[in-house]
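Everything on this sheet refers to the single structure shown next.
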Amino acid sequence: YEAIGLKGYWMGYVASRSAALGTPPPELVIATFHGFAPNMVRRSLPDAWSMATRDEILTTRFDLARDALGPALQHADTAALAKELVAIVDGLNLAGKPLAAAHAAVPRPDDAAGLLWWAATVIREYRGDCHLAVLTAAGLDGADSNALAVAAGLAVDDQRKMRGWTEDEWELAVGRLRTRGWVDTEGAITEAGRAARQQIEDATDRVCDAGIDREATARKITVEAALLDLARAIEASGAIPYPNPTGVQRP
């Protein structure tokens, strides 16, 4: 991303993930990303749109994905996997899923690796949109959601810094979780908090399932084993470093 004019990891991340929406203002990206601190997004946008064009950013994103996936795809039937995932995308109801809909509207690549990345991205954002709806319905803002994930052991301890939240914002978030009885005085998750977090995960699954038609659901089940094999191959290839800036933990 720096090669096309963007500055730093996070500007590349924010701009490349949100470019499917066009050249959105910070407020729209704050709303759709949810888990990132508003000031972190504002440090990237709208400046990024004057440093590189939207088409340059999207093209670079696909090129980076192809390069990273290349070694892992050597022994996979990429075309078949891409075809299955595209069919799943075609069976999604995108109402109320703005990021998934935006990425679905990005032109579909002609090559198998690019098409696989395109479809996987739509599905990833589809679940993210569903999860965001459940979190906001539960009254959790971005800081609350991250703090609960850390307390539950689902995110790394440095999540606050990586997502751009200040110490004061994080302390307030933990305080709100404490008021709910979801963490104790030390910030450790309680049984009530663990149960609430599991309910959020289960509700996300239900919302996702409600928007997937019968044929896509069947495809989702049959392609799971092949996708798990590919995910393991991607990890083994070293394409995803640990630790990494987004806080993804080793499976």
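The values are calculated or read from the model by the stated rules, or taken from the named source; none is laboratory data. Everything quoted here is computed from the prediction, not taken from an experiment. Cβ placement follows ideal geometry from the backbone for every residue including glycine, while neighbour counts extend to all protein chains displayed. Heads up: the accessible areas ignore ligands, DNA and RNA and are worked out on the full protein's heavy atoms, side chains in. Shrake-Rupley method; radii C 1.70, N 1.55, O 1.52, S 1.80 Å.
Annotations
- Spin-label model, Ala218 to Gln199: label points 7 Å out along the Cα-to-beta-carbon direction sit 3.6 nm apart.
- A Förster radius of 25 Å combined with the Cβ-Cβ distance from Arg232 to Ala79 puts the calculated FRET efficiency at roughly 0.80.
- Two-decimal log10 I(q)/I(0) for segment 105-251, as the Debye equation yields it once each C-alpha is a single scatterer, q = 0.09, 0.11 Å⁻¹: -0.37, -0.55
- Mean accessible surface per residue for segment 118-194, computed with a 1.4 Å probe while every protein chain stays in place, in Å²: 48
- Segment 140-216: relative contact order as a whole-number percent, Cα under 8 Å and 6+ apart: 26
- For segment 60-151, the fraction of alpha-carbon pairs lying more than 16 Å apart is 60 percent, rounded to a whole number.
- Extension gain, Arg54-Tyr9: 0.36 nm per intervening residue step, less the Cα-Cα distance, totals 14.5 nm.
- Cβ-Cβ distance of Ala133 and Ala239, R₀ of 30 Å, FRET efficiency by 1/(1 + (r/R0)^6): the value works out to about 0.50.
- Cβ-Cβ distance of Asp90 and Leu172, R₀ of 41 Å, FRET efficiency by 1/(1 + (r/R0)^6): the value works out to about 0.45.
- Relative frequency of Cα-Cα separations exceeding 21 Å in segment 1-141, percent: 46
- Rounded, prolate or oblate (a/c below 1.5 giving rounded, otherwise prolate when a/b exceeds b/c) for segment 174-251 by Cα gyration tensor: oblate
- Helix 54-73 vs. the chain, principal-axis angle (Cα, 0 to 90°, nearest 10): 80
- Descending principal axes extents, segment 133-191, alpha-carbon based, whole Å: 28, 26, 21
- Projecting label points 7 angstrom from Cα along Cα→Cβ for Glu186 and Leu64 puts them 3.9 nm apart.
- Expressed as a whole percent, the accessible surface of the chain that belongs to carbon and sulfur atoms is 55, based on a 1.4 Å probe.
- At the listed q of 0.13, 0.15, 0.17 Å⁻¹, the Debye profile of the chain, built from one uniform point per Cα, gives log10 I(q)/I(0) equal to -0.92, -1.23, -1.50.
- With Cα atoms defining each centre, segment 12-33 and segment 66-111 are spaced 20 Å apart in the structure.
- Extension gain (nm, one decimal) between Ala105 and Thr246, 0.36 nm per residue minus Cα-Cα: 48.3 nm
- Mean projection of the Cα convex hull over all viewing directions, computed for segment 1-78: 5.7 nm².
- Near Ala76, once Lys and Arg are set to +1 and Asp and Glu to -1 for all other residues with Cβ below 15 Å from its Cβ, the sum equals -3.
- Accessible area per residue (1.4 Å probe, heavy atoms of protein chains only) ranks Glu27, Glu125 as Glu27, Glu125, with the largest value leading.
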